[in-house]
Structure formats: structure tokens, C-alpha cells
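The values are calculated or read from the model by the stated rules, or taken from the named source; none is laboratory data. Values in this document were obtained by computation on a predicted structure and should not be read as measured data. Using ideal geometry, Cβ is built from the backbone for each residue, glycine included, and neighbour counts are taken over all protein chains shown.
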Amino acid sequence: MFELLGIPPQALFGQLLLGLINGAFYAMLSLGLAVIFGLLNVINFTHGAQYMMGAFGAWMLLNYAGVPFWGALVLSPLIVAIIGMVIERTLLKRLYHLDHLYGLLLTFGLALIFEGLFRRQYGSSGLPYNNPLPGGTNLGFMFLPNYRAFVVVASIVVCFATWYVIERTKLGSYLRAATERPDLVQAFGIDVPRMITLTYGFGVGLAALAGVLAAPAYQVSPTMGSNLIIVVFAVVVIGGMGSIMGAIVTGFGLGIVEGLTKVFYPEASSTVIFVIMAIVLMVKPAGLFGTAK
Amino acid sequence: MRLAAIFLAASSLMGAGAAYAQVPVKIGVLNDQSGLYADLGGQGSVWAAKKAVEDFGAAAKGLKVEVIFADHQNKADVGTSVARQWYDVDGVDVIVDTPNSGVALAVSGVTKEKNKVFINSGAATSDLTGKACTPNTVHWTYDTWALANGTGKAIVKTGGDTWFFLTADYAFGHALERDTSEVVKANGGKVLGQVRVPLNNADFSSFLLQAQSSKAKIVGLANAGGDTINSIKQASEYGIVDGGQKLAGLLIFLTDVHSLGLKVAQGLNLTSAWYWDQTDANRKFADAFAAANGGRRPTMVQAGVYSGVTHYLKAVEALKSAKDGAAVVAEMKKIPTDDPLFGKGEVRADGRHIHPMFLFEVKKPSESKGPWDYYTLKATIPANEAFRPLADSDCPLVKKG
């Protein structure tokens, strides 16, 4: 029998693993935000809507075109990324020379519009999406569904690949250079505006990929993004705005903290991240991994 | 053109002349228009209220009815400020629907203070006609006591005698858990534990794992809307049912089943006040509803809004005024209820609308003839057994001594 205090160690392992799974979603979403903020200086509030669109993309591909989950895993993020790049080219681009606040307002407005459109079309209670990897393994201390295991592995691979590309490759060095001194990089013959567009597309694609991964686990609904995005922003703030590694580590870390709260004091599980955010902001305003500019 | 205008003016004058004693009535539909309860109420409830006004033939009976609506966003503070604005400034006489027990209890308080009328269809807490009852509130469609009495009792009687609750952490979840626990214990069962989950939670795996390790035979879902959908969906992922435990969805709406799909939802037992495919009158209402709402079928909440507004208008017609809320509610309690959707019944002294409840089972995909054909009737709970008896009520209006 389950006790609140004196919880058996195997139950604890189970909850840690679950926290890691949820952390995987936080990490992927906050990574996209961090990449976009780091390179474009835009606080992308559409991120939640783009995550939702990724999930809906998977649903539409399946129901209208018969594309299975594995195909949607590639196609849906690609489509959402292209929509994102169009937004960047036509709207966001005009705001780069203004204060952060303008980008935030624009993307927030866009998020509301996207959500409203999907709600109008599909209702608010969501759509079913079948689990592509049914079944699971009994680990002794818990039953691990195959699909959740896949989600953790996939997101760890994606997160670290992204970190590697940005921090350790030549392409990444161009990107980082372009953030610091776009004029100089341009002078070396590199097409900076195109690079920025592609970066935004990549960040958005990450959100959509997380959305596709979420579709079989959660309900595909128009509000799935707005419920999550606030938490993800807190994760980014705790990790340090624009820090790639910070986003990944805090994403997984906070998933685990939240998971543990769900065992010891479930009522607080929706607030614990914000409590941590408040504390971190007081002690280290630039975030755990951020550097004050 | 000018001639037409003159005719129009003349005819409207004549109209005004004929009904010189027109009684103005303003109905405000206050519910969740955008969040997790928007599909089960939302715009569908607004449509149902308008349809009730139309079918009642309000204009011909000397009532000048206007229907407005607002989104309370599931926040009690938003709900109360809309209610105050409506009552004080906009001249609203009655607020209807209002799912989310927290908001409903708050609006019920404001309604009493302003002496208006509150006809609740969407909220579940039995406290609305229990310790928080008022002379201005009528609770129409269902409540947590009736749900517990329907689903809870049926499950305990078929051997599900140990329970673990996943409870939505606000007024509604607490009331549903409390009422169901009482039913479980009264029928010889045991409650092994519960976990309180914040509203609008996406991931239930941790809570499901706790339910799993409790070894209870029944995992009772004292939540609603998107929360129920996600818990059922994830329970199937975590092999809860394969492990020998059963899920009891204590409050499941038609839209939830639609959203889950029959493959996941099949076999669930649920208690409902109304189902669209039960009678010809229901089907007719549902067809009209579907035509106006993108093919969706109405939930019991939306049907309850229709039925409640119909009865309210009858009371206003009898009194020829909507101004004194307590008097209107007293009249609603005096005249028996009778409408095409809920049939004959009554509004009790504590404000509870009494009618039969139904125990349904969700069909297997192979049994369903198409979208929205979801329920098989298992049992009818007669009106006199469906709701909390007045003798057990802690409503101050009916308390003796």
C-alpha cells in the first residue's frame, strides 16, 4: 500500500523516471525557445501554439492523408517550420530593431489567433490519436510504456544534437557570430537574414516535433500548448534566457522536481516550478546557466 | 422603399400596441467558452437557451426575451464580476448553465445578494442544493450525489469494493469524491486512498502510478472534461486496466467519449441525466442542435439549459414579471416541470430539479453505428431515488428545527 511518507524506494524510482519523461517535453520546448531567443532576440510566445500545431499536424496527416505516426514525426515539424519561416519573413523581421516587447506582443497575438482557429474547427475537448507503440515493459519498480521510453530517448538525442550543432560545429559558430555582430558576419559574405529565418524555422520545428511526440500521450487539443507554454517559459527563465545547455538541463531537472512534488504534495505540483523560478530570480537573476549581459 | 419603411414602422407600432404589457426578460448564459468545458456547454448552451425561448413562443406570450452570453474562463473572480456587471448594469434577470462548481458557488452567492435567479445546469457540486442552497438557485441537470449514487453504487454492487480516487483539486472534485466515498462505504466498500490533482493537468502518469500501487480494484476519476479524457487515455497506456484494476469515470460527458474515441472509452459505465438518442423528442432536438453546431450532438448540460430555461419562462409568464428573483424561483417550485427533453418532474424546496437518471455503458466500436452513437442504456434510476433525499439534506431552507 502506498504511503505518503516513507515511500518505498522502487516507487521513488518510478516517479523519477516519470519526471524525466515530462522533463523531456519541457527540455525540447525550452530548447526551441532558447535557440530563438539566443539568436533572434525574440521571445517567441507562439511556441505553445506551434507545439499544438505540430500535434494537430500529425492528426491531420493521419486522418486526411493516411500518413502514419513515423511519417508525421518528420513531415509535421517540417510543415509547421515552413509556416513559422513565412511568419518570420513577413512579420517578425520588421520588429528586430524594436524592443523585445513588440516581438512578444506579435507572437502572443498570433498564438491566440492560431488557438482560436483550431478551437473553432475542432472544438476544445480534443481529438484522439492512437498510440503507435502500444505495450510496455515491467521494470520491476514500474510499468514503463514503450512509447514513453521512446519519447525520452528521442528527446535526449534531439536536444544533444542541437547543442552539438550550435556549440561545436562551424555552422554553429557562424550562428553565434551572427548574433554578436551581424554586420561583420554579413561582411564576410554570409547571408545573415537567411540564417536567421532558418534558425527560427528550426526552433519552431522543435516545438512541432514535441507536439507530434505529445499527440499519442496527451489529448490533441487546441489549448494543449497554452497550458504548457507558461511552464516552459519558467524553465527558460530558470535556465537562463538563451542558454542552450541551460534549457536542456533545467528542462529535465524541473521535470524531475515536478514529478517528486506529485508524490509528496500533489496539490502543489502545478506551482512548484514557479516557486523555484521566484527563488532563482532572487538569487541569480540571469538564471542558473545564464550570463548577465 | 419608403413605402416598405412606413409599413414596417406601422407594423412594429401595431405589434407594440398589441403587446402593450410586454414583460422584458434578459437571460445570461455564463459558462466556459474557450477552455476544457467549452464543448460540453459553451456556445451549445447559448444555442439551447435561444432554442428554448423560440420553442416556448415567448413573444406571443407577452415576454420580450433577450439572450446574452459570457466566458467565465473557469475563474470564480471572472464569473462573479460578470454576474455583478450583468445584474447591476445590464439588467440580466437570470444566469444559466455555469459549469465549474467553484464558479457556480460564487455566482449563486451573488445571485442571492441581488435577488435574481440562477439556473445551473453545468456544475456538479451537490452543495448548490446542500449547505450552500439559496432561495434563488435551481440546480437542474445532475449533481455529485446523483453521479455517486448512479455509477458508484452500480460498481460497488458488482464487486468493485476497494477504491482509490484521482480527484480534481477544487470544489467539484472534493464534492464528488466525498459523495462517492459515502456511497462506497454505505454499500460495504472501502476507500484506500486519494490523490488531489490540480485542475487542467496534462500528465496523469504519476497519479496513475500511485493508484496502481494502491492495489485498489477501482480507480475512481473524480474529475471532468479534459482531465478525465487524459486520465483515461493514459490509464490505457500504463496498463491499469490490463493489470486488473477498473476505471470508474464518475462524470463523463458525451463530448468526452467523442473525444476519446470508442476504442479507448468502450465499456465505461457512466451516469447521465439525458442522452440524445433516447426518445424521438430528444432526437429531434439533437438534429436541430447538430444542424446549428457543426454536426455535434448535445450533452446533458446543453439539454438541461433548454429544459431549465423553458421552466423558468413558464414561471415568469405566470407571474408576469421577472424582477423578483426569489418569487420566480418560488413559482418554479410551485408548478410541476414538464418539457419535451426531461419530461415531467418537479423543483424541490432545496432548489433541486428532480427527474430520472440513467446508467449507461459506452458501446464497443463494433456496436456503434457511427459518430455520436455511443451509449447503451443499462438501468434507469427512478426520480425518487436519483437525488439526495430531503431528509439527508443540510440545506438551511429545508432543515427542520
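In this structure, is B:Ile229 among the β-branched types (Val, Ile, Thr), more than 24 Å from A:Ser226 (Cβ to Cβ) and surrounded by 23 or more Cβ atoms within 10 Å (Cβ to Cβ)? Steps first, answer last, please.
Numbers: among the β-branched types (Val, Ile, Thr): yes; more than 24 Å from A:Ser226 (Cβ to Cβ): no; surrounded by 23 or more Cβ atoms within 10 Å (Cβ to Cβ): yes.
Against the criterion (among the β-branched types (Val, Ile, Thr), more than 24 Å from A:Ser226 (Cβ to Cβ) and surrounded by 23 or more Cβ atoms within 10 Å (Cβ to Cβ)), B:Ile229 does not qualify.
Please list, ordered by residue number, the helices (runs of 4 or more DSSP H) wholly in the range A:215-285 having 1 or more residues that are touching a Cys at 6+ places or on another chain (Cβ under 9 Å).
Details: elements: A:224-239, A:244-264, A:272-283.
The qualifying helices (runs of 4 or more DSSP H) are A:244-264.
Of all residues in the range A:74-119, those satisfying the criterion of being within 14 Å of chain B (Cβ to nearest Cβ) and of a type in the set (Gly, Ala, Ser) are A:Ala111, A:Gly116. Contact map, the range B:65-77: first residue aromatic (Phe, Trp, Tyr), second residue not in a strand (DSSP E or B), Cβ cut-off under 6 Å, separation 6 or more or different chains; pairs are B:Phe69/B:Val46.
Taking the conditions exactly as written (more than 18 Å from the chain's Cα centre (by Cα) and either part of a loop (DSSP other than H, G, I, E, B) or among the hydrophobic types (A, V, I, L, M, F, W, C) (or both)), does B:Asp373 satisfy them or not? Yes, satisfied. With a requirement of 1 or more residues that are more than 9 Å from chain A (Cβ to nearest Cβ) and among the acidic types (Asp, Glu), the helices (runs of 4 or more DSSP H) lying completely within the range B:198-309 that satisfy it span B:225-237, B:280-292.
For the range B:16-52, taking the residues that are over 20 Å from B:Val67 (Cβ atoms) and either under 31 Å from the mean Cα position of the chain (by Cα) or not in a loop (DSSP other than H, G, I, E, B) (or both), the one that is modelled with the highest pLDDT is identified as B:Gly35.
The set of residues in the range A:131-146 being facing chain B (nearest Cβ under 7 Å) and either surrounded by fewer than 18 Cβ atoms within 10 Å (Cβ to Cβ) or within 21 Å of B:Ser259 (Cα to Cα) (or both) consists of A:Asn131 alone.
May I ask you to verify whether B:Ser206 is under 26 Å from A:Pro134 (Cβ atoms) and more than 18 Å from the chain's Cα centre (by Cα)?
The answer is yes for B:Ser206.
Of the residues B:Val78, B:Val82, the single one that is surrounded by 22 or more Cβ atoms within 10 Å (Cβ to Cβ), of a type outside the set (Lys, Arg) and closer than 25 Å to B:Trp47 by Cβ is B:Val82. Residues in the range A:267-290 that are in contact with an Asp or Glu (Cβ under 9 Å, 6 or more places away or on another chain) and without any contact (Cβ under 8 Å) to a residue 12 or more places away in the chain were compared, and the one that is surrounded by the fewest Cβ atoms within 10 Å (Cβ to Cβ) is A:Glu267. In the range B:90-187, which helices (runs of 4 or more DSSP H) lie fully inside it and hold 3 or more residues that are of a type in the set (Val, Ile, Thr) and farther than 23 Å from B:Phe360 by Cα? Helices (runs of 4 or more DSSP H) meeting the threshold: B:101-113.
Only one of the numbered conditions (1) in contact with a helix residue (DSSP H, G or I) (Cβ under 8 Å, 6 or more places away or on another chain); (2) surrounded by fewer than 20 Cβ atoms within 10 Å (Cβ to Cβ); (3) over 17 Å from A:Phe45 (Cα atoms); (4) modelled with pLDDT under 90 is not met by A:Phe264, and that is (1).
Across the range B:190-241, the qualifying residues are those that are out of contact with any Lys or Arg (no Cβ under 7 Å at 6 or more places or on another chain) and hydroxyl-bearing (Ser, Thr, Tyr), and the one among them that is farthest from A:Ile21 (Cα to Cα) is B:Ser214.
For A:Met245, the conditions (1) out of contact with any Ser or Thr (no Cβ under 8 Å at 6 or more places or on another chain); (2) at pLDDT 90 or above all hold with the exception of (2). Here the range A:44-75 is the region considered, the condition is being in contact with a Leu (Cβ under 9 Å, 6 or more places away or on another chain) and among the aromatic types (Phe, Trp, Tyr), and the residue that is surrounded by the most Cβ atoms within 10 Å (Cβ to Cβ) is A:Tyr51. Among residues of the range A:66-91 that are touching a residue at least 24 places away in the same chain (Cβ under 8 Å), those with a Cβ under 8 angstrom from a residue that is assigned to a loop (DSSP other than H, G, I, E, B) and surrounded by fewer than 21 Cβ atoms within 10 Å (Cβ to Cβ), sequence gap 6+ or separate chain, pair up as A:Pro68/A:Pro132; A:Phe69/A:Pro132; A:Trp70/A:Pro132.
So, in the range B:110-161, how many residues would count as being buried (at least 22 other Cβ atoms within 10 Å of the Cβ), more than 12 Å from the chain's Cα centre (by Cα) and among the acidic types (Asp, Glu)? Total satisfying the criteria: 1. Evaluate the following for B:Leu341: is it outside any helix (DSSP H, G or I), at pLDDT 95 or above, not basic (Lys, Arg) and not assigned by TED's automatic domain parsing to the domain that holds B:Lys153? Answer is yes for this residue. Can you tell me which residue is surrounded by the most Cβ atoms within 10 Å (Cβ to Cβ) among those in the range A:221-248 that are among the β-branched types (Val, Ile, Thr) and over 13 Å from the mean Cα position of the chain (by Cα)? Checked the range A:221-248; the qualifying residue surrounded by the most Cβ atoms within 10 Å (Cβ to Cβ) is A:Ile238.
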